[in-house]
Amino acid sequence: MTEGAFGDVIVKPSLIHGFGVFAARDFRAGEVIFDTSELRLVTAEDPLREGEEERHCDWLADGRQVLLPEPARYINHCCNPSAWKEYRNVVRRCATAFRDIGAGEEITHDYRIDGFGDVVWECNCRSARCRKVVHSDFFQLPLALQIEYLPYLSDLYKRVFREKLGRLGQQMVTQVPRRPTIAIFRSSIAPFHSS
């Protein structure tokens, strides 16, 4: 891979890891940064070909492996991401901004959103929220982060992990701070009347 421009983003060396995707212009929160079709499914019948790398793949919650096209394959993980992978259906996805992103800023995802499995790696994102060691499974995140990321899970992920997400919902109910109950007691003592 060499550096290159892809519409409103640029692929170039990253301080996080290898190459990264950088904004060529400002993006507003909620704006689609780029929209892309996945290159292809990787299967036993159609395995990775010469020059293709497993690290450029994404694993869907139902077990399918997808080879990502450029520039999607170069988006690095960050514990305080600027974007997320928004699935429009199983074969189309886009990078959507979590927050405003300035021109020149690296566009990152938190790989744990829609994450599963038992892969652990050292994180080099350098963000204030960096956990230093990252576990691929969404359900290994602290409860507060699971709750924060819940709206960004794909429909496929929600279907596959429906039971675990149900348990998460139960945990959320027990973790929500309750308002103090104000009890009003009737006194058996006759009210004081002044004359």
Which ones in the stretch 122-144 are open to solvent by 30 Å² or more (accessible area, probe 1.4 Å) and either outside any loop (DSSP other than H, G, I, E, B) or among the small types (Gly, Ala, Ser) (or both)?
-> GLU122, ALA128, VAL133, HIS135, PHE139, GLN140, LEU143, ALA144
So which residues in the stretch 55-82 are in contact (Cβ under 8 Å) with a residue 24 or more places away in the chain, hydrophobic (A, V, I, L, M, F, W, C) and either in a strand (DSSP E or B) or open to solvent by 60 Å² or more (accessible area, probe 1.4 Å) (or both)?
-> TRP59, VAL66, LEU67
Could you list all residues from the stretch 95-112 that are open to solvent by 10 Å² or more (accessible area, probe 1.4 Å) and among the aliphatic types (A, V, I, L, M)?
-> ALA103
Here is a list of conditions, (1) modelled with pLDDT of 95 or more; (2) open to solvent by 40 Å² or more (accessible area, probe 1.4 Å), and ILE147 meets all of them except one; can you say which number that is?
-> (1)
Residue check, PHE116 assigned to a loop (DSSP other than H, G, I, E, B), among the hydrophobic types (A, V, I, L, M, F, W, C), under 13 Å from the mean Cα position of the chain (by Cα) and on the phi < 0 side of the Ramachandran plot = yes
In the stretch 94-139, how many are charged (D, E, K, R), under 18 Å from ALA23 (Cα atoms) and touching a Lys or Arg at 6+ places or on another chain (Cβ under 8 Å)?
-> 1
Over the stretch 97-113, the set of residues of a type outside the set (Ser, Thr, Tyr), in contact with a His (Cβ under 9 Å, 6 or more places away or on another chain) and in a loop (DSSP other than H, G, I, E, B) is ASP110, ARG112
In the stretch 10-54, which residue that is more than 21 Å from the chain's Cα centre (by Cα) and basic (Lys, Arg) is surrounded by the fewest Cβ atoms within 10 Å (Cβ to Cβ)?
-> ARG49
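The values are calculated or read from the model by the stated rules, or taken from the named source; none is laboratory data. Predicted model only: the values in this text are computed from it and were never measured. No Cβ is skipped: glycine too gets one built from the backbone with ideal geometry, and neighbour counts run over all protein chains shown. Surface accessibility is based on the protein's heavy atoms, side chains included, excluding ligands, DNA and RNA. Shrake-Rupley method; radii C 1.70, N 1.55, O 1.52, S 1.80 Å.
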